[in-house]
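Asker: Questions regarding the structure given below will be posed in turn.
Nothing in this text is a laboratory measurement; each read-out follows from the coordinates by a stated rule. On a predicted model such as this, the values are computed, not experimentally measured, just so you know. With ideal geometry, Cβ positions are generated from the backbone for all residues, glycine too; neighbour counts draw on all protein chains shown.
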Amino acid sequence: MTRRIASAFQILFLGLFLLNIPSDLHAQGTAGSVIGVVKDGTEAVLPGVTVTIRHVETAATYETVTNAQGTLSFPVVSVGAYTFTAQLTGFKTATGRFAVELNTRSNLAIMLEIGAATETVQVVGAQTPVETTSAQIAETFGAREVVDLPVPSGNVNSLALLAPNTVDINTTGLTQGQLLNRVSSPVGGSIGGIGGNRARNNSFTVDGVDNNDPIGTGPQSAVIQDAVREFTVLRNSFNAEYGQSTGGQFNIVTKTGTNEVHGNAFWYNQNRGMNATDILTQRAIAAGTLNRKPRYDFNRAGATVGGPIIHDTLFFFGAFEYEKISGASTSSAAVFPTAEGYNLLASLPPGVTRLGTPGRVSPFVLQQLRQWGLTAPQANAASFPLVLGVRIPVGSVSQNIPSFTKNHRYLGNLDWNLGVNDHLQLRLNYNEGPNGVRAGVPKPELKTMIDAQI
């Protein structure tokens, strides 16, 4: 086997919030939205009010004017804290603060008082605490929760298991005996079943980009835990943009740079000394078949940094993570040619296959088999395969293979405030791994997965 780059190499271009996208089509997957109404002291609606909202951390600014019904709408806005101002001739200027969460609509109820526009009134409690405009049910986890809540594997999507109506697929329908013997759930998919759906019906996005593995029906690329700004799982009654899946909608938005330089370094560790011993290992130690807990070392380390390139205009954010998992060695058996078998394969002339078609032994495949494979010390006559009419001596090879994997993950974000209502976001999420030893192929550093999202 050769050193190989396998699986999907996904390159997608993501330009979001460009030229004030005038619909909800992209809002829910990458951001939130804002709606509201402006009234006077008599509860009469006020048309023509200029409402401006400004992101506290990045100064991204959005502006609109209320319609004849006094309503305002910002279909696509980044998550985070905002300030707002509402101005209309003959009324005092109203200001206040509110927050936007991923996959939610923030509702504002603004009241203007009669007076000079140069006078300012601070509005407290303008944001409605209850969602009244959408039946969509979401569970949102902020940056602090993503880092502080226990996620042993580092897979942020696993936080969905803390949401109501979500069932871990590894325990669905299993008896206690099956759980103790680590029987896997046959339903497939990833993370958990939501709302009675199979986990294979879940859908995953990162910054609005489809992150579904077409083979394993789970997330294709991992996201660095400390680089996540918000994670939301939608459980039912999705909006129209979530039409491809009937299960849960797992949406991750990564962090952005702000007007202040910020960052962190981190190290997560699990090992056999700190982890509890499972019941099967306890029984094996008690029976004397194991003299100690099997080796297990899981380390994730990395750093993040973000800040301004141009104050109030251009921002960057970057993150790196290195992950290494080392476990007890495992025994692996495979069938390979003997030395005589390799020589026979190399000397075979072109001939006819068992299907009656012309064929020959590929020198390239044979060379790779010799380089990356093994040589059986003894032939097993019962399993000699027929190659071009000749029986090739092969035998079983059993080896103890050390178990370890390595992953390298990189994330880079660029945010550009082009002007009022015009914003550009560029995202790069690059995963290389797992790289490690594979059973039956005792050669280190096999590059088995590279994923990129742009």
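Asker: Grab the beta carbon distance between Arg97 and Leu290, set R0 = 56 Å, and tell me the FRET efficiency rounded to 0.05. Write down the numbers at each step before the final one.
Answerer: On the way: r = 59 Å, r/R0 = 1.05.
Here the calculated transfer efficiency is 0.45.
Asker: Grab the beta carbon distance between Val65 and Arg144, set R0 = 30 Å, and tell me the FRET efficiency rounded to 0.05. Kindly include the intermediate steps, with their values, before the conclusion.
Answerer: On the way: r = 36 Å, r/R0 = 1.19.
It comes out at approximately 0.25.
Asker: Additional query: If you wrap a convex hull around the alpha carbons of region 331-400, what volume per residue comes out, as a whole number of Å³?
Answerer: On the way: hull volume 6.3 nm³, N = 70.
It comes to 90 Å³ per residue, whole-number rounded.
Asker: Order by neighbour count: Asp210, Asp226, fewest other Cβ atoms within 10 Å first, most last. Could the numbers behind the result be given before it?
Answerer: Working: Asp210 15, Asp226 23.
With the sparsest Cβ surroundings first, the list reads Asp210, Asp226.
Asker: Give Lys255/Lys324; Lys293/Lys406; Lys255/Lys406 a once-over and call out the pairs whose C-alpha atoms are over 29 Å from each other.
Answerer: Working: Lys255/Lys324 24 Å; Lys293/Lys406 22 Å; Lys255/Lys406 25 Å.
Correct reply: none exceed it.
Asker: Using Cβ contacts closer than 10 Å as the measure, can you line up Thr205, Thr281 from fewest to most?
Answerer: Working: Thr205 20, Thr281 15.
Ranking Thr205, Thr281 by Cβ neighbours within 10 Å, fewest first, gives Thr281, Thr205.
Asker: For the residues His423, His311, His408, what sequence is obtained by ranking on other C-beta atoms within 10 Å, fewest first?
Answerer: On the way: His423 24, His311 10, His408 16.
Least crowded to most crowded, the residues run His311, His408, His423.
Asker: Still on this model: Could you work out how much longer the chain between Asp297 and Glu119 gets when fully extended? Use 0.36 nm per residue separation minus the Cα distance between them, nm to one decimal. Could you put the intermediate results ahead of the total?
Answerer: Working: separation 178, 0.36 × 178 = 64.08 nm, distance 6.28 nm.
Full extension of this stretch gives 57.8 nm more.
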